[in-house]
Amino acid sequence: SILYKRNWNVNDTELKALRASILWKPTDQLSISPLLMYQRMQQGGLDQIDSNPATNAHYQPFDSPESFSDRITLGSLNVQYDFNAFQLTSATSRWVRDATLNQDGSEEFQWALSTPAAILPYYVSQGGLGPTSPTPVDDEPSNQTSEEIRLTSSGNTDFKWLVGFFYSKFESCYCSVVLIPGAAAPFGTANAFTQLQTTKINQTSYFTELSYQLTPRLKATAGLRRYSYHAAIDAATSGFVSISGSDTFAYAHSPEDNQGVNPKFDLSYEVDKNLLFYGTAAKGFRPGGGNQPVPTSGALGAGCEANLQANHGTTSFVPSPLTFGPDSVWNYELGEKARTLQERLTINSAIYFERWSGTQQNVPLPCGYPYTANAGTAHIYGIETEISALLMPGLQLSAN
């Protein structure tokens, strides 16, 4: 299928997408299914405005283009072979993505340097800015390759099992350049901020799930997933508002490793073929990562260091937070699946509670530098219901 869309408006958008898949069965036991997806999006401007607080008036001091483009290609290959006692599945995938963003950063730099009324006119008087205001260019290429292999039991038996292995390799670069031509006179360089930050995350996990029909109506399921990952973040920054404060690059290397076990438990009771009750408890996690270095010296250093000290409730020196750890979620759910009126009405409903620990949160500092931290816990409560009703032959109502 091919999708092509263009909107001629304030922020012009062009979106092209392609998706193709094939299923090939050389034998009754073997099936091969490749998939290819491609999408490219280009925007003439961002889906947001610059405005003074408490107003809805758009404010743009310079007519600088703020274009955005995002391109992603994804390919996968599923191979499945049915043996007599079990089924072997291999799922291989790779995606490559590149996003580029141009922004007018005039106001941000006036605010960060604490001279909102003086810096910009000074630059203009030097012939530095004019229509080419401080323009950050962010380029974010990334890619990931993954492989999963599963063995699953076959047949209608009381005892069923599943074992598997997962591997993924992720790489990305946050590449940002901020040039202010008129800044060379007061700051000695037109390079306000340049950052090349690469992130690499390698993950592996082994998992298994066992289920047993305890009675004709009661079934128990338990699973474990043993995971480990290694992340490495390498950053090189320069510029008069960077951690180096000059054209000299400052380098930082931040490794982050973690491992653990995520369990899953499920108990279901089938009252009859039209009514099932179940309870589930499961744990999941998200890998940690790295931050761009927050300057603690140079043009913004004093302000950023004061912000870090305020966040930590101390007057002692606080170093730049270079990494953050994984966060995890425990999910508890009780639910039912029911069919009635000669299976013309289906009602599935559940209540759930989630405890989110070590929550990864973005912490913006007043000096203009954000970082990610594991900040506290969160709780999520919910209830959900799905209803499907066959009102008459050919007419079905669904609601949730």
Inset, instruction - Report, by residue number, each residue of the range 357-384 that is open to solvent by less than 50 Å² (accessible area, probe 1.4 Å), more than 21 Å from residue 302 (Cβ to Cβ) and in a loop (DSSP other than H, G, I, E, B). - result: 358, 359, 375, 376
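Would you say residue 345 is farther than 29 Å from residue 201 by Cα and among the hydrophobic types (A, V, I, L, M, F, W, C)?
On the way: farther than 29 Å from residue 201 by Cα: yes; among the hydrophobic types (A, V, I, L, M, F, W, C): yes.
When the stated conditions are applied, residue 345 passes them.
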Inset, instruction - List every residue pair whose Cβ atoms sit under 8 Å apart, with the two residues 6 or more apart in sequence or on different chains, where the first one lies in the range 296-322 and is open to solvent by less than 50 Å² (accessible area, probe 1.4 Å) and the second, anywhere, is among the acidic types (Asp, Glu). - result: 296/305; 318/305
Inset, instruction - Assess whether residue 222 counts as being touching a strand residue (DSSP E or B) at 6+ places or on another chain (Cβ under 7 Å) and either surrounded by 15 or more Cβ atoms within 10 Å (Cβ to Cβ) or free of Cβ contacts under 8 Å to residues at least 24 places away in the same chain (or both). - result: no
Legend entry - Only one of 205, 146, 125, 176 that is over 16 Å from residue 241 (Cα atoms), modelled with pLDDT under 95 and of a type in the set (S, T, N, Q): 125
Legend entry - Lone unmet requirement of (1) of a type in the set (A, V, I, L, M); (2) under 30 Å from residue 228 (Cα atoms); (3) in a strand (DSSP E or B) for residue 350: (2)
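Against the definition (part of a helix (DSSP H, G or I) and either surrounded by 17 or more Cβ atoms within 10 Å (Cβ to Cβ) or without any contact (Cβ under 8 Å) to a residue 40 or more places away in the chain (or both)), how does residue 183 come out, yes or no? Walk me through how you get there before you give the answer.
Details: part of a helix (DSSP H, G or I): yes; either surrounded by 17 or more Cβ atoms within 10 Å (Cβ to Cβ) or without any contact (Cβ under 8 Å) to a residue 40 or more places away in the chain (or both): yes.
Answer is yes for this residue.
Of all residues in the range 69-93, which are in contact with a Gly (Cβ under 8 Å, 6 or more places away or on another chain) and crowded, with 16+ Cβ neighbours inside 10 Å?
Selection gives 93 alone.
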Legend entry - Candidate set: the range 229-242, residues that are touching an Asp or Glu at 6+ places or on another chain (Cβ under 8 Å) and not aromatic (Phe, Trp, Tyr); chosen: the one modelled with the highest pLDDT: 230
Inset, instruction - Could you tell me whether the range 32-46 includes any residue that is at pLDDT below 95, open to solvent by 90 Å² or more (accessible area, probe 1.4 Å) and on the phi < 0 side of the Ramachandran plot? - result: no
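Rundown of residues vs (1) open to solvent by less than 40 Å² (accessible area, probe 1.4 Å); (2) at pLDDT below 95; (3) of a type in the set (Phe, Trp, Tyr), yes/no style:
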| site | (1), (2), (3) |
| --- | --- |
| 131 | no, yes, no |
| 155 | no, yes, no |
| 172 | yes, yes, no |
| 194 | yes, yes, no |
| 198 | no, yes, no |
| 210 | no, no, no |
Legend entry - Residue in the range 339-348 that is within 29 Å of the chain's Cα centre (by Cα) and not aromatic (Phe, Trp, Tyr) present: no
Legend entry - Any hit, the range 275-285, residues being open to solvent by 50 Å² or more (accessible area, probe 1.4 Å), of a type in the set (Lys, Arg) and touching a residue at least 60 places away in the same chain (Cβ under 8 Å): no
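The values are calculated or read from the model by the stated rules, or taken from the named source; none is laboratory data. The model shown is predicted, which means the values in this text are computed figures rather than measured ones. Backbone-built Cβ (ideal geometry, glycine too); neighbour counts: all protein chains shown. Heads up: the accessible areas ignore ligands, DNA and RNA and are worked out on the full protein's heavy atoms, side chains in. Shrake-Rupley method; radii C 1.70, N 1.55, O 1.52, S 1.80 Å.
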